Amino acid sequence: METSPTLQSERGKTRRTALKIGGMHCAGCVNSIQKHVSELRGVTSCEVNLAAEKATLEFDPAVTDLTTIEKAVEEIGYKVVYEKLAVKIGNMTDSSDAERLEKKLKELEGIRYVSVSFGNGQILVEYNPTLHSLSDIRQVITKNGYQILSEDLSASAKEVEANKLKKFFFIGLVFTIPVLIFGYPEFFSFVPLAGTSYAAYLVFACASVVQFVTGSRFYIGAYRIGKMKSANMDTLVVTGTTAAYLFSTINTFPTPTWHNIYFDAASAVITFIILGKYLENKTKGKASSLIRKMLELQPKTARIKKDGQETDVPIEIIKPGDVILVRPGEKIPVDSLVLEGNSAVDESMVTGESMPVNKKAGAYVIGGTINREGALEIKAEKVGSDTMLAQVVKLVEEAMGRKPPMQRMVDKIAGYFAFVVIGVALATFMTWYLITPMGEHQISTAIIPAVAILVVACPCALGLATPTAIMVGMSKAAQNGVIFKGGDSLEMLGRVKIAVFDKTGTLTRGKPQVTDIIAIKQIEFASENTASTISSDHKILEIAAMAEKNSEHPLAKSIVQYALDLKISLAETREFFAIPGKGVKTVYNGHKILVGSPRFMEEEHIDIESSKQSLIALQEQGKTVMLVVLDDDLIGLVALLDIPKPSAKYAVKSLKKMGIQVVMLTGDNDRTANTVAANLEIDKVFANVMPSGKSDIIKQLQKEGKIAMIGDGINDAPALTEADVGIAIGSGTDVALEAGKVVLVRDDLMDVVSAIEISKKTISKIRQNLFYAFAYNVVLIPVAGLGLLYPTLAGLAMAASSVSVTSSSLLLKRWSPPSKRKKKNIEK
């Protein structure tokens, strides 16, 4: 059976999934769906994203199911969107093949309808686009041995909606032009029939088409939101335009009263708003498609080598273990291991790494990256939804479904917005009615400002301000190797005041090298592999390496590797025991061996006084010193040096420029820690911290401000979880397995700066969008109330507001990470 759908996961008894929702217009729709679905028995959470037009759900499958939830959404007038696909296939031998394939496709959750016909070799599928991509469906078909001959993908829901809006706009435009021309006989007196009863009746007919055909979507929307005892943009548009339409109709029959006819206040408003919705749909599509474009990086076919033959095959049928040939200029099809060849691979489109990365036998290559120079023979490791690209898209799309606190607050405000506007419009009507002298102009004088208020008020801009910026920000970050696992982490990272770095493997390379071996005491020691006559240094190294052989610590691995490089054979020991952050104990031929830190030896009551001078001298050089003890006697020292990463100093400097305090956390001794910190210009250091004590330091620092903890996830997972934002660095291709709320694909500390920068820019863009949205309403509603804004212009302004917010969010696409900007400056 195939891999689980893109957005589905099991969490105990709760299942997480997503639905594509059609028919949403503003934050009022979002609140209505969330409220109604959340009240269903068995649904534990429901978050709706207006910009992505998606609902992310968690529910108990023992209590309810997806079908029940879909029905609940449709009950309140919204549509659950399923895409349609028709595929022609070959290699079916009889009807039992068709039946088997149909069963396989139905096993995928999120497939609503499947029909496989043996007669014409055609498959018809209706699938949930938030759970499956076309690639998932192709993979099921090809992995079951069938060849795809052709595909006919029906227009997506977004394209259908765009075409519908376009059609309605042109209908509205065609019928609004006569309304404007014949509705103003004082300006168009040269037009035949201008100012006559026939002209008034023609205007009424054209306005009726616009009101009830072009404007039908607003009536449908207002009806369904009304059933929920709520209000939204549709309510405002319908209330305002219907009031103008009815008032004008009353003054058209039987004899037209031209100065009381305002059909243009209804028709032009509806037409302009439909145009705005069409443009908004286009800009929203650009924002939501950014992350999906990463999946398009993979080539459609790959060249497989089997039994000495080379064959081009669809990427969907590649299996782990397949040997693939990649020529210069071609894309790597799937995540693979290099078997033969040497080349430079451009990974910029996946990791953000601007320089091509050299790859040779044993190196790992990522699907979707470009082989620039030599030919490579690679072995497929991860395919389909297990590839890094698929994981990144999955994580980012899941993250987009999790609202940041700022968005929840805005949605709550927007939920009451329509009711407040209706109240203001009613109060405006009553005020104008009371202050206008009695007469035939009294109602028209009062109704126009009220209609203008209803039309100009725009909850759409409020509803789109946050999700569009989040979508673009997260997508742009992912394209540069920074993956946010939720909107909350994106928002929180921008508010961080302190960045706490783990030392080993994060600030430093994590590959310490043995630099010094000092014998403190002459010993007679012979193992089964070496004689007792070898040099004292070799004996110290052999004993230390024997003890550390079963340890997973980076320092231990370095000592063992150094011994093996010197061709020292390592005997097996017994009773191995590792003390985290301190050292190891073991026994060989009745000899008790200890290897570890000075503090560990003091706790074991070992006299280390004889080594103090050498110990201090080595530590002051920034080296980590391991003491070797045999039968309670200190016999030697092994010093290792782990140099800082090339990007460490520049990253620390960049963070300081951003006003962020940099702190280093390490289990190493004070002298070594302070030497490394001084080299990197880090002012605050916590040394001698055990892995279990890192969380306590984080709690202590949180009193001073929001904390970002940066680590490699090896022994700092609890600290990453405890921090306000945990950043796991250098995750490589296993992005989904990291403990951090933010995952950095590359092992480059400048990506920490990039993550904080894109977070700040995204939050700044959200605030800017919200300011525009609120300021627009705060300024224009009073202007409309004072009678200074005609409804037609109010409709144009409303249409422009939501388009301007989404277009503003798209400006985030211009952002590039500091490392790329630095490279461009160097090139200049």
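The values are calculated or read from the model by the stated rules, or taken from the named source; none is laboratory data. Because the structure is predicted, anything quoted here is derived from the model rather than measured. Using ideal geometry, Cβ is built from the backbone for each residue, glycine included, and neighbour counts are taken over all protein chains shown. The protein model used for the area step is the full one, side chains on, heavy atoms only, and it has no ligands, DNA or RNA in it. Shrake-Rupley method; radii C 1.70, N 1.55, O 1.52, S 1.80 Å.
If the condition is being in contact with a Leu (Cβ under 7 Å, 6 or more places away or on another chain) and either at pLDDT below 80 or open to solvent by 50 Å² or more (accessible area, probe 1.4 Å) (or both), then the range 282-309 contributes THR283, LYS286, ALA287, MET294, LEU295, LEU297, GLN298, LYS305. Taken over the range 201-215, the criterion of being touching a residue at least 40 places away in the same chain (Cβ under 8 Å) and in a helix (DSSP H, G or I) is satisfied by TYR201, VAL203, PHE204, CYS206, ALA207, VAL210, GLN211, VAL213, THR214. The test for being hydrophobic (A, V, I, L, M, F, W, C) and crowded, with 16+ Cβ neighbours inside 10 Å does not hold for LEU124.
Take LEU634 and decide whether it is of a type outside the set (Ser, Thr, Tyr), touching an Asp or Glu at 6+ places or on another chain (Cβ under 6 Å) and either within 26 Å of SER614 (Cα to Cα) or modelled with pLDDT of 85 or more (or both). So LEU634 fails the test.
Among the residues examined, VAL125 does not qualify as closer than 24 Å to ALA51 by Cα, aliphatic (A, V, I, L, M) and touching a residue at least 12 places away in the same chain (Cβ under 8 Å).
Restricting attention to the range 84-92, does a residue exist that is outside any strand (DSSP E or B), in contact with a Ser or Thr (Cβ under 7 Å, 6 or more places away or on another chain), more than 23 Å from GLN298 (Cβ to Cβ) and aliphatic (A, V, I, L, M)?
no
Looking across THR196, THR176, one residue alone is of a type in the set (S, T, N, Q) and touching a residue at least 60 places away in the same chain (Cβ under 8 Å). It is THR176. Checked against (1) out of contact with any strand residue (DSSP E or B) (no Cβ under 8 Å at 6 or more places or on another chain); (2) within 30 Å of VAL663 (Cβ to Cβ); (3) at pLDDT 90 or above; (4) in a helix (DSSP H, G or I), PRO449 meets all criteria but (2). Somewhere in the range 128-136, is a residue among the β-branched types (Val, Ile, Thr), touching a strand residue (DSSP E or B) at 6+ places or on another chain (Cβ under 9 Å), touching a residue at least 40 places away in the same chain (Cβ under 8 Å) and within 30 Å of THR56 (Cβ to Cβ)? Among the residues of the range 128-136, at least one is among the β-branched types (Val, Ile, Thr), touching a strand residue (DSSP E or B) at 6+ places or on another chain (Cβ under 9 Å), touching a residue at least 40 places away in the same chain (Cβ under 8 Å) and within 30 Å of THR56 (Cβ to Cβ), which makes the answer yes. Of the residues making up the range 126-143, none is in contact with a His (Cβ under 7 Å, 6 or more places away or on another chain), assigned to a loop (DSSP other than H, G, I, E, B) and within 22 Å of ILE318 (Cβ to Cβ). Close contacts from the range 566-580, counting a first residue that is farther than 22 Å from PRO554 by Cβ and a second that is open to solvent by 90 Å² or more (accessible area, probe 1.4 Å), with Cβ to Cβ under 6 Å and a gap of 6+ residues or different chains, come to ALA571/GLU528.
Go over the candidates ILE608, ILE635 one by one and state the one that is among the β-branched types (Val, Ile, Thr), in contact (Cβ under 8 Å) with a residue 40 or more places away in the chain and either open to solvent by less than 20 Å² (accessible area, probe 1.4 Å) or under 20 Å from ILE520 (Cα atoms) (or both). Of the residues listed, the single one that is among the β-branched types (Val, Ile, Thr), in contact (Cβ under 8 Å) with a residue 40 or more places away in the chain and either open to solvent by less than 20 Å² (accessible area, probe 1.4 Å) or under 20 Å from ILE520 (Cα atoms) (or both) is ILE635. Among the numbered conditions (1) of a type outside the set (Phe, Trp, Tyr); (2) assigned to a helix (DSSP H, G or I); (3) in contact with a Ser or Thr (Cβ under 9 Å, 6 or more places away or on another chain); (4) open to solvent by less than 40 Å² (accessible area, probe 1.4 Å), the only one that VAL160 does not meet is (4).
Tallying residues that are open to solvent by 30 Å² or more (accessible area, probe 1.4 Å), part of a helix (DSSP H, G or I) and free of Cβ contacts under 8 Å to residues at least 24 places away in the same chain within the range 218-249 yields 3. Inspect all residues belonging to the range 205-217 and state whether any of them is more than 30 Å from GLU75 (Cβ to Cβ), open to solvent by 30 Å² or more (accessible area, probe 1.4 Å) and modelled with pLDDT of 90 or more. Yes: one or more hits.
Within the range 84-124, the residues that satisfy the criterion of being out of contact with any Asp or Glu (no Cβ under 7 Å at 6 or more places or on another chain) and of a type in the set (D, E, K, R) are LYS88, ASP94, ASP97, GLU99, ARG100, GLU102, LYS103, LYS104, LYS106, GLU107, GLU109.
Filtered by the rule that a residue be open to solvent by 10 Å² or more (accessible area, probe 1.4 Å) and either touching a residue at least 24 places away in the same chain (Cβ under 8 Å) or farther than 18 Å from ALA194 by Cα (or both), the range 254-263 gives THR255, PRO256, THR257, TRP258, HIS259, ILE261, TYR262. Beta carbons closer than 7 Å, at least 6 apart along the sequence or on distinct chains, pair a first residue in the range 641-658 that is at negative phi and touching a residue at least 24 places away in the same chain (Cβ under 8 Å) with a second that is open to solvent by 60 Å² or more (accessible area, probe 1.4 Å) and in a strand (DSSP E or B) for LEU641/GLN513; LEU641/THR515.
Go through the range 349-375 and count every residue that is surrounded by fewer than 23 Cβ atoms within 10 Å (Cβ to Cβ), under 16 Å from PRO299 (Cα atoms) and at pLDDT below 85. Residues flagged as surrounded by fewer than 23 Cβ atoms within 10 Å (Cβ to Cβ), under 16 Å from PRO299 (Cα atoms) and at pLDDT below 85 within the range 349-375 amount to 1.
Take ASN342 and decide whether it is touching an Asp or Glu at 6+ places or on another chain (Cβ under 9 Å) and surrounded by fewer than 15 Cβ atoms within 10 Å (Cβ to Cβ). Yes, satisfied. Within the range 386-428, the residues that satisfy the criterion of being in contact with an Asp or Glu (Cβ under 7 Å, 6 or more places away or on another chain) and open to solvent by 30 Å² or more (accessible area, probe 1.4 Å) are ARG402, PRO405.
Condition (residue is of a type in the set (Asp, Glu) and surrounded by 13 or more Cβ atoms within 10 Å (Cβ to Cβ)) applied to the range 127-138: is it met by at least one residue? Looking through the range 127-138, at least one residue is of a type in the set (Asp, Glu) and surrounded by 13 or more Cβ atoms within 10 Å (Cβ to Cβ). Of all the listed residues (LEU812, LEU793), the sole one being under 24 Å from GLU757 (Cβ atoms), hydrophobic (A, V, I, L, M, F, W, C) and assigned to a helix (DSSP H, G or I) is LEU812.
Among residues of the range 337-352 that are at positive phi, those with a Cβ under 6 angstrom from a residue that is at pLDDT 90 or above and crowded, with 17+ Cβ neighbours inside 10 Å, sequence gap 6+ or separate chain, pair up as GLY341/LEU376. The residue that is modelled with the highest pLDDT, among those in the range 124-166 that are among the basic types (Lys, Arg) and farther than 30 Å from ASP94 by Cβ, is LYS166. Given (1) open to solvent by 10 Å² or more (accessible area, probe 1.4 Å); (2) at pLDDT 85 or above; (3) in a helix (DSSP H, G or I), identify the lone condition not met by ARG821. Tallying (1) open to solvent by 10 Å² or more (accessible area, probe 1.4 Å); (2) at pLDDT 85 or above; (3) in a helix (DSSP H, G or I), ARG821 fails exactly one: (2).
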